[in-house]
Amino acid sequence: MRLARVGAVGSERPVVVTADGSLLDLRPLTHDVDGAFLQHGLESVARAVEAGALPALSADETTGIRFGVPVARPGKVVGIGLNYQCYAADVGVPVPTEPVVFLKASSALCGPTDPIRLIPGSTTTDYEVELAVVIGRQLRDASAEEALAGVAGYGLANDLSDRDLQLERGGTWTKGKSADTYCPLGPWFVTPDELGDPQNLPLRLDVNGVRRQSGTTADMVFGIGDLLAYVSGIMTLEPGDVVITGTPAGVAVAAAEPRPYLRDGDLVEIDGGVLGRHVSAVHASRPKGQ
């Protein structure tokens, strides 16, 4: 199944996205796609879809509809750095011997077509297409097998990073990655039964029609099960939490000068195959009230 939340910001409704793109209203089963629903409600959705018990949204309701963040109010967004062989080679650092973990503010999340608003004055905002994992049950000191069994679904994310804030100016990864709109996520997440192997997914990113990143999750240093098990040994992962799992080569910070960081007016498009696509326009921040 593909689960999503559609509608205006703050008024999203939960839906199932069918193979032909129709949207089935989930409100007969839940008010939202949140942690409590992910922990207890996914099996009821599968039964309702199979029985044809969920009403489809009308054409008038779906024309031009916005896809929001597919999971409501994640408690935390956990990031993994340097997790692709090609990325480590691209930036000229050794492959890590254990996962690099950071936190990204959940307030950075936005929908897959929402505008990316640059940090005021930023000239070093970078892009990173990533596989996202939505947690479906509590994971604490889990094995890799237990961790994979606790996944609600997989989605597509863009882990935007201001490299100056991340690496300079008293830099920390969390500081450089947590601005509002610096984590587009969506348009849906795909449940494991439909997705198949999460270690065989394409990840592509274009800026203004020029391919910048093209990789596959097969190139990960640490696979999904091992990553989630490792993180669950450090912090409890709760239903609804999101883990973003690293990016392949091609980011701006690894390019020759002048590095192609994002600028006002750029268009960022990312593609994850079955995970869907993003189309995000980049805007310079405006003073409040404008």
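Things worth noting here:
- Summarising the amide proton neighbourhood of TRP188: residues at separation of 5 or more, or on other chains, whose placed amide H is nearer than 5 Å comprise LEU156.
- C-alpha long axis of helix 42-51 to longest principal axis of the chain, angle in °: 50 degrees
- The aspartates and glutamates within cross-link reach of LYS76, meaning a Cα-to-Cα straight distance under 16 Å and a gap of 8 or more places when in the same chain, are ASP34, ASP159, ASP180, GLU238, ASP241.
- Comparing mean-square fluctuations of GLU257, GLU145, GLU238 from a GNM of the chain with C-alpha springs under 10 Å, the top value falls on GLU257.
- DSSP-defined antiparallel bridges as percent of all bridges, the chain, nearest 5: 90 percent
- Peptides 38-47, 59-68 ordered by packing proxy, namely the average of other Cβ atoms within 10 Å per residue, highest first: 38-47, 59-68.
- Only the Cβ atoms of Lys and Arg (+1) and of Asp and Glu (-1) were treated as charged; on that basis the dipole of the chain about its Cα centre amounts to roughly 780 debye.
- Counted by neighbouring Cβ atoms within 10 Å, the residues VAL101, VAL134 run from fewest to most as VAL101, VAL134.
- Inter-probe distance in nm under a simple model that places probes 7 Å from Cα toward Cβ, at ARG259 and ALA89: 2.1 nm
- Placing unit charges on the Cβ atoms only, positive for Lys and Arg and negative for Asp and Glu, gives region 49-149 a dipole magnitude near 380 debye about its Cα centre.
- Positive-pole candidate from LEU3, LEU167, SER122, dipole of the chain, charges at beta carbon: SER122
- Inter-probe distance in nm under a simple model that places probes 7 Å from Cα toward Cβ, at LEU103 and THR62: 3.9 nm
- Multiplying the residue separation of VAL279 and THR18 by 0.36 nm and removing their Cα-Cα distance gives an extension gain of 91.9 nm.
- Distant-in-sequence amide contacts of VAL6, defined by a placed amide H-H separation under 5 Å and a gap of 5 or more residues or a different chain, comprise ARG13, VAL15, GLY68.
- Span from the region 174-201 Cα centroid across to the region 48-117 one, whole angstrom: 3 Å
- Straightening the chain between ALA51 and ASN200 buys 50.5 nm, computed as 0.36 nm per residue apart minus the Cα-Cα spacing.
- Net length available on complete extension from THR113 to ALA149 is 9.9 nm, with 0.36 nm assigned per residue and the Cα-Cα distance removed.
- 222 nm mean residue ellipticity, helices alone, for the chain (DSSP H n ≥ 4; -39,500 (n - 2.57); rounded to 500): -4500 deg cm²/dmol
- Each residue of region 10-15 was assigned a 3J(HN,Hα) from its phi angle through the Karplus curve 6.51 cos²θ - 1.76 cosθ + 1.60 (θ = phi - 60°); the sequence is x, 10, 5, 10, x, 9 Hz, with glycine and proline shown as x.
Values quoted throughout were computed directly from the atomic coordinates according to the rules given, and no laboratory measurement underlies them. Note that the structure is predicted; figures quoted are calculated from it, not measured. Note that each Cβ is placed from the backbone with ideal geometry, even for glycine, and that neighbours are counted across all protein chains shown.
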